[in-house]
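Heads up: the structure comes next, in structure tokens.
The values are calculated or read from the model by the stated rules, or taken from the named source; none is laboratory data. These numbers come from a predicted model, not from an experiment. Neighbour counts are summed over all protein chains in view; Cβ atoms, including those assigned to glycine, are modelled from backbone coordinates with ideal geometry. When the accessible area is computed, the model is the full protein with side chains, heavy atoms only, and any ligands, DNA or RNA have been set aside. Shrake-Rupley method; radii C 1.70, N 1.55, O 1.52, S 1.80 Å.
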Amino acid sequence: MTFTTGAVMAVATASKTNPTGPHGAQELPSVIVTSYNLEIRDGDGFLGDKASRGAFMDHLAELRSHLAETSEDPLAKVGKTVSKSELDKLLTEGEAREAALVLSAVERFAQSLAFVIRRFLRQKAWSPVERIVVGGGFRQSRIGELAIARAGIILQTEGYTIELVPVRHHSDEAGLVGSAHLAPKWIFEAYDSLVAVDIGGSNIRAGIVELRQDKASDLSKARVWETELWRHADEETSREQAVRRLGKMLREQIEHAAKEGLRVAPFIGVGCPGLIEPDGAIDRGAQNLPGNWSSSRFNLVESIREMAPEIGEHDTVVTMHNDAVVQGLSELPFMQDVEHWAVLTIGTGLGNASFHNRAKPKGRDKEKPKDGKSKKD
């Protein structure tokens, strides 16, 4: 197994200090996490900032500003702040100049996304990647889908054989469904559901995931049964208040599932931004969360276990990994025809992770390039 520099080296170092810790693990039941939370600098900042949701809005604002200097801003009547849904509507129902302006921003963002992907593919952990799934809230919009498709076309016309595909699950659910792949399947033999948490830079979600192993043993039919969303970015809140709110959400979800007859496993899977230490501490990367989540005196896993010590009659097991890793894991059943794949999540920031499937791809005997690159000669 190969590792690259930056965040992955930090993961490897942390594993040596506490090799038995289950959190932020490189080796999961069906896949090896070869990298995540890579922090690549470019110029004045981090590379991922060029392909975040905010980067798209910056492209749009710059285009509007240039047009306003010489003529009227086509989106002047819409207002200074435009939502994703409004932009989607302008594409289909807006006047020609309005739609053209939005498409221009999509093109600029797609070029930026393609640039970021090229840089990632230069990393050792990413060089053998055959497919990239793209998730996050931005992917859920039409402008996001177009930007992803356009970035894929840009890369293909340059000779890259890499595939870019959108995450299948809704962005609100992928980060929950992926938790089903954090634990060995035998843990769920007597249960039909689990509790999952997705912590993001703007929102916190808690929900119940139905495993539906009777329909698909590979968990490809797993789905969110119920979920609750809290948008912490809209409120003035502290870390302690956020954790208490999460605890309330968890208890209510567990109680409701039990009343409805679900057999909930004594397991909580958690996706959280940042570099996750084996003991559940967050090394860095959680700066968009309220308060200091990387403090040496704070452990999110322990806090969750204290708030929900038992599920049913059993002690609760909590396992946490990076949120991009967990969102990527929701695609694991559909990535069995490739060996190396990756995920990018476009949201408040740009999450990233790369994977190596443990099992050999089915029905595929693909010859790898000798140099390990994903680009044609």
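Calculate the length of the line joining the C-alpha centroid of the stretch 57-80 to that of the stretch 93-160, in whole Å.
Cα centroid of the stretch 57-80 versus Cα centroid of the stretch 93-160: 22 Å apart.
Taking amide H positions as placed 1.01 Å from N in the peptide plane, with prolines and chain starts having none, which residues 5 or more places from V31, or on another chain, fall under 5 Å of its amide H?
R358
Amide H neighbours of E226 under 5 Å, counting only residues 5+ apart in sequence or on other chains, H built in-plane at 1.01 Å?
Amide H neighbours of E226: I208.
Taking amide hydrogens as modeled 1.01 Å from N in the peptide plane, which residues meet the under 5 Å criterion relative to G201, leaving out close sequence neighbours?
T348
Heavy-atom accessible area of D218 with all protein chains present, probe 1.4 Å, nearest 10 Å²?
Probe radius 1.4 Å; accessible area of D218 about 70 Å².
Would you mind giving the average projected area, over all directions, of the Cα convex hull of the stretch 247-317 in nm² with one decimal?
Values: hull surface 20.7 nm².
Its Cα hull, projected and averaged over all orientations, spans 5.2 nm².
Around A281, what is the net charge, scoring Lys/Arg as +1 and Asp/Glu as -1 over all other residues with Cβ under 13 Å from its Cβ? Don't skip to the answer; put the middle values down first.
Working: positive: R284, R297; negative: E277, D279, D283, E302.
Counting the neighbours of A281, the net charge comes to -2.
Given a 1.4 Å probe and the protein chains all in place, what does the accessible area of T70 round to, in Å² to the nearest 10?
120
Computed FRET efficiency, Cβ-Cβ of D214 and E145, R0 25 Å: what is it to the nearest 0.05?
The formula returns an efficiency of 0.15 here.
Between F46 and E302, what is the FRET efficiency for a Förster distance of 22 Å, r being their Cβ-Cβ separation, to the nearest 0.05? If you can, show how the numbers build up before the last one.
Working: r = 30 Å, r/R0 = 1.34.
Using R0 = 22 Å, I get an efficiency of 0.15.
Which helices, taking whole DSSP H runs in the chain, have alpha carbons extending 18 angstrom or more along the helix axis plus mean Kyte-Doolittle at least -1.0? Working shown, then result.
Working: long enough: 53-70 (27 Å, -0.35); 96-121 (37 Å, 0.82); 142-157 (22 Å, 0.84); 239-259 (30 Å, -1.11).
Taking the DSSP H segments of the chain (at least 18 Å long, mean hydropathy at least -1.0), we get 53-70, 96-121, 142-157.
Under a 1.4 Å probe, what is the accessible area of the chain per residue, stated in Å²?
Details: 17520 Å² over 377 residues.
Solvent-accessible surface per residue comes out at 46 Å².
Given the protein chains as shown and a 1.4 Å probe, how many square angstrom of K215 are accessible, to the nearest 10?
The accessible area comes out at roughly 130 Å².
Subtract the Cα-Cα distance of R118 and T81 from 0.36 nm times their separation in residues, and report this length gain in nm to one decimal. Mind dumping the intermediate values first?
On the way: separation 37, 0.36 × 37 = 13.32 nm, distance 3.10 nm.
My answer for the length gained is 10.2 nm.
Under a plain spin-label model, where a point goes 7 Å from the Cα along Cα-to-Cβ, how far apart in nm are S202 and N292?
Result: 2.8 nm between the two label points.
Among 350-356, 323-329, how do they line up from the highest to the lowest mean number of other beta-carbon atoms within 10 Å? Could the numbers behind the result be given before it?
Numbers: 350-356: 26.6, 323-329: 30.7.
Answer by packing, highest mean first, reads 323-329, 350-356.
Aspartates and glutamates within cross-link reach of K248: Cα-Cα under 16 Å, excluding same-chain residues under 8 positions apart?
Candidates past the 8-residue exclusion: D198, E226, E228, E240, E302, E306, E310.
Which semi-axes, in whole Å and largest first, does the equivalent ellipsoid of the chain have when worked out from the alpha carbon gyration tensor as the square roots of 5 times its eigenvalues?
Details: eigenvalues 226, 134, 81 Å².
The equivalent ellipsoid of the chain has semi-axes of 34, 26, 20 Å.
Reachable aspartates and glutamates from K84, Cα under 16 Å, same-chain residues fewer than 8 places away excluded?
Straight-distance partners of K84: D58, E93, E98, E107, E145, D172.
Take every DSSP beta bridge with both residues inside the chain and express the antiparallel ones as a percent of the total, to the nearest 5. Walk me through the intermediate numbers first.
On the way: 33 of 53 bridges.
Just about 60 percent of them are antiparallel.
Arranged from highest to lowest average of other beta-carbon atoms within 10 Å per residue, in what order do the peptides 122-128, 41-47 appear?
Numbers: 122-128: 19.6, 41-47: 11.3.
Going from most to least packed, we get 122-128, 41-47.
Counting only protein heavy atoms, what percent of the accessible surface of the chain is carbon or sulfur at a 1.4 Å probe?
Values: 8320 of 17520 Å².
Carbon and sulfur: 47 percent of the exposed surface of the chain.
What list of whole percents do you get for P(r) of the stretch 165-287, with Cα-Cα distances grouped in 5 Å bins up to the one holding the largest distance?
Binned Cα distances yield the sequence 2, 10, 21, 22, 20, 14, 8, 3, 0.
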